[in-house]
1. Could you tell me which residue of the stretch 282-315 is farthest from Leu212 (Cα to Cα), considering only residues that are open to solvent by 60 Å² or more (accessible area, probe 1.4 Å) and of a type in the set (Val, Ile, Thr)?
2. Within the stretch 53-73, which residues are open to solvent by 50 Å² or more (accessible area, probe 1.4 Å) and more than 14 Å from Ala354 (Cα to Cα)?
3. Pick from Leu225, Leu199, Leu183: which is at pLDDT 95 or above and of a type in the set (A, V, I, L, M, F, W, C)?
4. Could you go through the stretch 137-145 and let me know if any residue there is in a helix (DSSP H, G or I), more than 19 Å from the chain's Cα centre (by Cα) and buried (at least 24 other Cβ atoms within 10 Å of the Cβ).
5. Which of the residues that make up the stretch 191-246 are assigned to a loop (DSSP other than H, G, I, E, B), hydrophobic (A, V, I, L, M, F, W, C) and either surrounded by 21 or more Cβ atoms within 10 Å (Cβ to Cβ) or in contact with a Leu (Cβ under 9 Å, 6 or more places away or on another chain) (or both)?
6. Output the residues belonging to the stretch 376-388 that are small (Gly, Ala, Ser), open to solvent by less than 10 Å² (accessible area, probe 1.4 Å) and under 24 Å from Val36 (Cβ atoms).
7. Just to verify a result, which residue in the stretch 111-136, among those that are open to solvent by 40 Å² or more (accessible area, probe 1.4 Å) and among the hydroxyl-bearing types (Ser, Thr, Tyr), is farthest from the chain's Cα centre (by Cα)?
8. Which members of the stretch 73-86 meet the condition of being in contact with a helix residue (DSSP H, G or I) (Cβ under 9 Å, 6 or more places away or on another chain) and either within 20 Å of Ala50 (Cβ to Cβ) or among the β-branched types (Val, Ile, Thr) (or both)?
Amino acid sequence: MQKIAILAAAPPAPASDAMASGGGNPIVGLLVILLVVALLMYLVYRGMDAMLGCCIAACVVALGNSLNVYESMMGAFWTGACNVITSMGFTLILSCLLGQIYLRTGAVDSIGALFQRFFVGNSTGITMKLRSAYAYFFVSLVLCICGMNVYVAVFCLIPMGITIFRKADIPKRSTAGMLAGTLAIACCCPGTPLYTNVLASAFFGTNSTAALIPGLLGAAAMLLLNVLWIRSFVNKADKNGDHFVEEKPSASAGGMPPEGPPPVPADTGERKLPNPWLALLPLVLNVILYGFVGWAIEPTLILSILLAILIFLPYFAREDSRKLPVKSINSALTAGAAAAAPVILVMAAQMGYAAIVSATSAFGMVIGIFSGLPLPAELTFGIFASISGFLSGDSIAGLAFSSNVFLPMAETIGVSAGAMHRIALFAVSILDTIPICGGVIAMLRASGMTHKEGYGPIFRTSVVYVAIGMLVCIVACMLFPGLT
């Protein structure tokens, strides 16, 4: 396999003149970027607003890398911020709307009950505990693969997991780890309508099922590792006499997550829930139309939302005496839009910060370092995508940078755009769940755990297992390039 040789040249394609590489010592500039990333992680963890933190961090990085701070913020920063709003704003709003409909109507609980019946049945003892854990894991996996992103999944699926674990008497410290594992698999799996897969298609000029077989092999490796870990965790907890312990949410698990206040769950109580098979229909349709038929993500989500409203119409909580629960439907849609807005703004600030990082000579130096790595092109690309996403503080930025740098030389290095698409999704997911990540804070906060209590399983399932999955995907792409 041909080795890669990258010229230490310009950073990713500039969005404006203000993004021309800064001067100064690139080593000093890189140290500034690393220090800023560490400080930003700490301050957001301590409660600083993530959007404000990204703006301040961008200014410090520009200053430390001899860029004109005013021109960089007014040019590169806002160009990057506006680009992500334009490309993903509407998609995220639609995704949150669909999630709220499933939450408010009890459809999530209905699907969860279906999986519990299927996995648990009349089992008892350790068998019941194992099956309960698998029920939660696989229902989460199905829903995430069908498009439920982290900002919706946390407040839909963590409460479901806690309910299941309480009933089965399983320690709840693995709840967030299991959800993180399912989200990681869904992000890397071909065909999913999650926004990372959508953007990767746009950046690399591919379809959502690019490198289908290598991607499925990598996802299968992650799935197997998660299943084996769940079995080991439940058996060990049972052997050690660990039980489910009810605790109040801890403030040390982080401040309010950047996506804003959690949506208000539906009060299902004893009310009738939707048919679980019908509840799965809009989600499955979402995957089929986007992943395999080739529809654009926006009309796919709109159709899924309309179908969900139609199917769940009798299950919206009645807030008035009219036959059509207009107030309840409006309340769910309003909550979805309200939950999406801060997510979009934080993503915009992260991409603005990433644009400043990409404009520095330090980032150009990082690109140049890879010219000396005696590694296969696919592996070098994966490492670069992971590191660039970490330095810029955003997985989307990692996708953008890796496509800008590597795509023009795809033919030269012998790696297809499809292989880059799939490898990049694994790569940017590896460092996308650092302790200060908004999704991590949200998971721990919803579970009522501190980082010390709950981050270990998250690290295992969303960092270690993803790295192994990426290696499997890379080997498959190297051995069978025709499959990419």
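1. Going through the qualifying residues, I end up with Ile302.
2. Leu63, Ser66, Asn68, Tyr70, Glu71
3. Leu225
4. Of the stretch 137-145, the ones in a helix (DSSP H, G or I) are 137-145.
Retained after the next criterion (residues that are more than 19 Å from the chain's Cα centre (by Cα)): none.
No; the residues of the stretch 137-145 include none that is in a helix (DSSP H, G or I), more than 19 Å from the chain's Cα centre (by Cα) and buried (at least 24 other Cβ atoms within 10 Å of the Cβ).
5. Leu194, Ala210, Ala211
6. Across the stretch 376-388, the qualifying residues are Ala385, Ser388.
7. Once the filter is applied, the top-ranked residue is Thr124.
8. Met73, Ala76, Phe77, Trp78, Thr79, Gly80, Ala81, Cys82, Asn83, Val84, Ile85
The values are calculated or read from the model by the stated rules, or taken from the named source; none is laboratory data. Treat the numbers as computed from the prediction; the structure is a model and nothing was measured. Cβ: placed from backbone, ideal geometry, glycine included. Neighbour counts: every protein chain shown. Only protein heavy atoms, including side chains, enter the accessible area calculation; ligands, DNA and RNA are left aside. Shrake-Rupley method; radii C 1.70, N 1.55, O 1.52, S 1.80 Å.
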